[in-house]
Amino acid sequence: MPFIAKIPSTGERVDITKINNPRAELKADDLVCQLCGQPMIVRQGMIVKPHFAHKAECTSDYKRHPESPQHRAGKELIAATIKKELPEYSLAKVEYEFPIPEAKRVADVAALFPNGWIVVHECQLASITVEELEQRTEDYLHAGVDVLWWLSNAANTPGNRDWCQSKFGFVLILNYDRLSAEDREG
């Protein structure tokens with residue numbers, strides 16, 4: 001359930017989180033998946049926050065995983081936190097679901113700096129092993145991209161926190177208390 005779609009005629013990425021009324025402002029026939037080029041539709045309702053959905057299954061070979069409403073809220077929390085609380089990010093353009101072709105991965109949140117430096121921020125809620133964290137981190141590093149992991153829920157284990165501490169010198173924990181109840185539930 002992505003936040004990003006693409007307009008094929010222009011190649012422009014469309015961020016649904018920046019549109020007040022997506023159904024009224026976007027034409028469904030003009031939206032495709034940024035990865036596979038298949039048609040996308042807008043989904044939104046009284047309970048469901050706006051997002052894009054495939055009309056058919058995504059055929060991309062990028063490595064990605066299904067996202068829960070809480071994961072999408074986590075991405076929004078990460079983006080808001082780095083924009084507001086990290087002055088070193090003041091010149092960076094913060095993007096959701098940014099493809100890293102060399103790694104065949106889609107970053108949850110990417111900070112794109114004017115000098116070309118990219119820092120990926122990954123929201124990890126589902127259970128994951130230290131070996132999987134290490135492999136995904138290596139995928140990004142081999143693509144020339146730095147990565148930071150934000151842990152919560154089943155991913156927030158002593159082993160994963162220890163790995164982050166030894167790898168980065170700190171641990172980032174998602175604090176969902178900063179979100180409204182509506183955002184936490186999706």
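The values are calculated or read from the model by the stated rules, or taken from the named source; none is laboratory data. Every value quoted in this text rests on a predicted model; they were computed, and no experiment measured them. Every residue, glycine as well, gets a Cβ built from its backbone with ideal geometry; the counts of neighbours run over all protein chains shown.
Is it fair to say S166 is under 18 Å from E67 (Cα atoms) and assigned by TED's automatic domain parsing to the domain that holds A111? Write out each step before concluding.
Numbers: under 18 Å from E67 (Cα atoms): no; assigned by TED's automatic domain parsing to the domain that holds A111: yes.
Considered against the rule, which asks whether it is under 18 Å from E67 (Cα atoms) and assigned by TED's automatic domain parsing to the domain that holds A111, S166 comes out as no.
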*Considering each of Q70, Q34, Q44 in turn, give the residue that is closer than 19 Å to E95 by Cα, out of contact with any strand residue (DSSP E or B) (no Cβ under 6 Å at 6 or more places or on another chain) and not β-branched (V, I, T).*
Q70
*In this structure, does T59 turn out to be closer than 30 Å to Q135 by Cα, β-branched (V, I, T) and either out of contact with any His (no Cβ under 6 Å at 6 or more places or on another chain) or not assigned by TED's automatic domain parsing to the domain that holds L148 (or both)?*
yes
_Checking the structure you have, find out if any residue of segment 38-48 is closer than 25 Å to A103 by Cβ, surrounded by 14 or more Cβ atoms within 10 Å (Cβ to Cβ) and of a type outside the set (A, V, I, L, M, F, W, C)._
yes
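Taking segment 22-48 only, how many residues are among the small types (G, A, S), within 21 Å of the chain's Cα centre (by Cα) and not in a loop (DSSP other than H, G, I, E, B)?
Residues meeting the conditions: 0.
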*Can you give me the number of residues within segment 28-62 that are over 12 Å from A5 (Cα atoms) and hydrophobic (A, V, I, L, M, F, W, C)?*
5
*So E95 fits all but one of (1) in a strand (DSSP E or B); (2) over 22 Å from S152 (Cβ atoms); what number is the exception?*
(2)
*Subset of segment 50-67 that is among the charged types (D, E, K, R) and touching a strand residue (DSSP E or B) at 6+ places or on another chain (Cβ under 9 Å) - its residue that is farthest from V120 (Cα to Cα)*: K55
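Residues checked against (1) at pLDDT 85 or above; (2) closer than 28 Å to H142 by Cβ:
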| site | (1), (2) |
| --- | --- |
| I19 | yes, no |
| P22 | yes, no |
| C36 | yes, yes |
| M46 | no, no |
| F52 | yes, no |
| K55 | no, no |
| K75 | yes, yes |
| P99 | yes, yes |
| R105 | yes, yes |
